[in-house]
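The values are calculated or read from the model by the stated rules, or taken from the named source; none is laboratory data. For clarity, every value in this text was computed on a predicted model and none was experimentally measured. Counting neighbours? That spans all protein chains shown, and the Cβs are built from the backbone with ideal geometry, glycine included. Note: accessible area is taken over every heavy atom of the protein model, side chains too, but ligands, DNA and RNA are not part of it. Shrake-Rupley method; radii C 1.70, N 1.55, O 1.52, S 1.80 Å.
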Amino acid sequence: MPNNQFMHPRNIYRTPPAFKELSIKYPEFNKYASTGLNGKIVFDFKNQEGLRLLTTILLKKDFGLDVDLPVGRLIPTIPLRLNYLLWIEDLFNLNYDNTKKIKGIDIGSSCIYPLLAAKQFQWSMVGTDINKEAIKNAIKNVEKNNLQNLIQVLEVSEWERLLPVAVDEHYDFCMCNPPFHSYSNLNSSDDEANNSIGITSEMYTIGGEVDFVKKMIKESEILQNSISIYTTMVGYKASLDPLKNELKAIGACSVAEAGFYQGRNARWGIAWTFQSDIKLKDFLPNKEFQKEKLKLRPPVSFKIPETYDSITALTKLSELLVSLKLSTAILKSKSDENVLYQADIQAYENTWTHQRRKRRMEKRLADSKRQKTNDNCLHVESDEEKVDQHLETTVNAKRLFSATLFFNSLRIDLYNAIWYNIPLIKGKNE
């Protein structure tokens, strides 16, 4: 599961479920699993019945929830649901102490979020849905788990109000898992849609998730502080900007966003409030990961052989920079009097891999050129001309590498070296 490193730090599924243990404890699991050549248990995530069984097993094993997931409904991704709830918990931790009793409202989820919230966090929840059968199943699951004291289930209409909040009521938060897709994209390639055969209203709505959430935003403008923190999930990252613009237009005091990563799919969240004393915080683990990668590293140093004097070494260095087609900006103000040469260098082309193959190609091209060109017409370019020409071609190119180079009589140092998502040479990165 490639994105487990980006899951919420408190998400128990950062460590994937042990399928071997599941196969022993739950014999029915073996129907949808097989043993690979390496002895590991392999589960078929594309099998709907198997996926439904796995979800119910995880809810039972990890949360003590006995849940019936009806055929034909969306099969909830538990790691995703948990990521969303943990972000909401983070927002509460910013604003309240752990003695506060939390009350929330969930817009349409077959009661999975309220069940998890009540069982895991002891929050009081109202779960809503627009589908009568979903309401019946939600009530059944609440009663089966004896959570009637914490969960209330209400039927609502998409065409009336999404947030059934009375004038004298107050909720600490609301959450929503909207239909992501527009009817115009009925053949969606969405991972969750492929992994579950949800009824149309669960996955599709007129205008897609943006129009659905805009309706929720308009209701929040009327309700204002009746709900302290409004939140929703979205399935498309491109939906965030139009929704943030809408929130800015209605005067939301604060807006935050989140990234929910699990397995091979990703979802995003957005939160807003009309209360100036409520603090919100982004949760973007992928961006934090990139920041960590780009933190300044110790310099990469190359010792100069004793047989080289400074002039020979500098000449060799200049030839190397030209041959690698590096963009070089010489820094005239020296940071140290012992530094003979310093420059900012940038690469816009991967010229350092497959060096032997490239030298053979260059030799063949050079031989061919000598045969076809009259010696009297040859124009020999200086190193400076080659660099200038290369700079012209890299103005609009994508940067692959950058560093600051320092050269003194003993060694060459590369400071602040950053690789921009380009694989280094296998074995040694020189």
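Per-residue answers, yes or no, for (1) touching a strand residue (DSSP E or B) at 6+ places or on another chain (Cβ under 6 Å); (2) open to solvent by 10 Å² or more (accessible area, probe 1.4 Å); (3) at pLDDT below 90; (4) part of a loop (DSSP other than H, G, I, E, B):
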| residue | (1), (2), (3), (4) |
| --- | --- |
| 198 | no, yes, yes, yes |
| 201 | no, yes, yes, no |
| 228 | yes, no, no, no |
| 232 | yes, no, no, no |
| 257 | yes, yes, no, no |
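The one condition from (1) outside the structural domain of residue 83 (by the TED database); (2) loosely packed, with under 11 Cβ neighbours inside 10 Å; (3) at pLDDT 70 or above that residue 317 does not meet is (2).
Return yes or no: is residue 57 assigned by the TED database to the domain that holds residue 177, farther than 24 Å from residue 123 by Cα, among the β-branched types (Val, Ile, Thr) and not in a loop (DSSP other than H, G, I, E, B)? Give the steps one after another, and end with the answer.
On the way: assigned by the TED database to the domain that holds residue 177: yes; farther than 24 Å from residue 123 by Cα: no; among the β-branched types (Val, Ile, Thr): yes; not in a loop (DSSP other than H, G, I, E, B): yes.
So residue 57 does not fit the description; no.
Please determine, by comparing only the residues of segment 59-73 that are open to solvent by less than 30 Å² (accessible area, probe 1.4 Å) and among the hydrophobic types (A, V, I, L, M, F, W, C), which one is modelled with the lowest pLDDT. Steps first, please.
Step one: filter segment 59-73 for residues open to solvent by less than 30 Å² (accessible area, probe 1.4 Å), giving 59, 63, 65, 67, 69, 72-73.
Of the ones still in play, those that are also among the hydrophobic types (A, V, I, L, M, F, W, C) are 59, 63, 65, 67, 69.
Values: 59: 95, 63: 95, 65: 95, 67: 94, 69: 90.
Only one residue fits best here, namely 69.
Determine if segment 107-119 includes at least one residue that is over 26 Å from residue 262 (Cα atoms), in contact (Cβ under 8 Å) with a residue 12 or more places away in the chain and in a helix (DSSP H, G or I). No, the conditions are met nowhere in segment 107-119. When residue 30 is tested against (1) surrounded by 13 or more Cβ atoms within 10 Å (Cβ to Cβ); (2) touching a residue at least 24 places away in the same chain (Cβ under 8 Å); (3) not aliphatic (A, V, I, L, M), just one condition goes unmet, and that condition is (2).
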